[in-house]
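To start, the structure under review is shown below, and the notes come after it.
The values are calculated or read from the model by the stated rules, or taken from the named source; none is laboratory data. Just so we're clear, the structure is a prediction, and the values are computed from it rather than from any experiment. For neighbour counting, all protein chains shown are included, and Cβ atoms are generated from backbone atoms with ideal geometry for every residue, glycine included. Calculation scope for accessible area: heavy atoms of the full protein, side chains included, ligands and nucleic acids excluded. Shrake-Rupley method; radii C 1.70, N 1.55, O 1.52, S 1.80 Å.
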Amino acid sequence: VQLQASGGGLVQAGGSLRLSCVASGLPFSDYVMGWFRQAPGKEREFVAAISWSGIGTYYASSVKGRCTISRDNAKNTVYLQMNSLKPEDTAVYFCAAGYRVRDHYRDYSYSRWGQGTLVTVSS
């Protein structure tokens, strides 16, 4: 199983980025997909999640209204569109896959993790 995240980079405050995560080695359309992030010196935190069908979406209050999670099951890919970025969004962003997830907001619900992609937002 491999989750390959990409799309991170350096952006000015107010800018946008789209993260992608391509999954391989698992039945992608059976899995809930999530994005988490970890800032320097802080614990990993939930950002967003999407149900296997794409119908259900879940967001942290800190990003709701600024981020959109989506997925393309034909491409085994989940996306995170981030707009109006703030310096406090600076973190390594991880994608994760979970099967039969009960609590979309908890990292223990996800069994597979990618390597992360760094997002840096300058003020």
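Data overview
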item: The chain: Cys lacking any partner C-beta under 4.7 angstrom; result: 67
item: Pair residue 43, residue 115: separation of 7 Å Cα→Cβ label points (nm); result: 2.8
item: Net charge, residue 82 excluded, C-beta distance under 15 Å - Lys, Arg +1, Asp, Glu -1; result: +2
item: Cα convex hull volume per residue for the chain (Å³); result: 89
item: Net charge contributed by nearby residues that have their C-beta within less than 13 Å of residue 17 (K/R +1, D/E -1); result: +3
item: Estimated inter-spin distance, residue 81 and residue 102, nm [label 7 Å along Cα→Cβ]; result: 3.4
item: Heavy-atom surface of region 24-118, accessible at 1.4 Å and reported per residue (Å²); result: 53
item: Whole-percent carbon and sulfur share, accessible surface of the chain, 1.4 Å; result: 46
item: Whole-Hz ³J(HN,Hα) from phi, Karplus 6.51 cos²θ - 1.76 cosθ + 1.60, for region 86-101, glycine and proline x; result: 10, x, 6, 7, 4, 4, 8, 9, 10, 9, 8, 10, x, 10, 6, 6
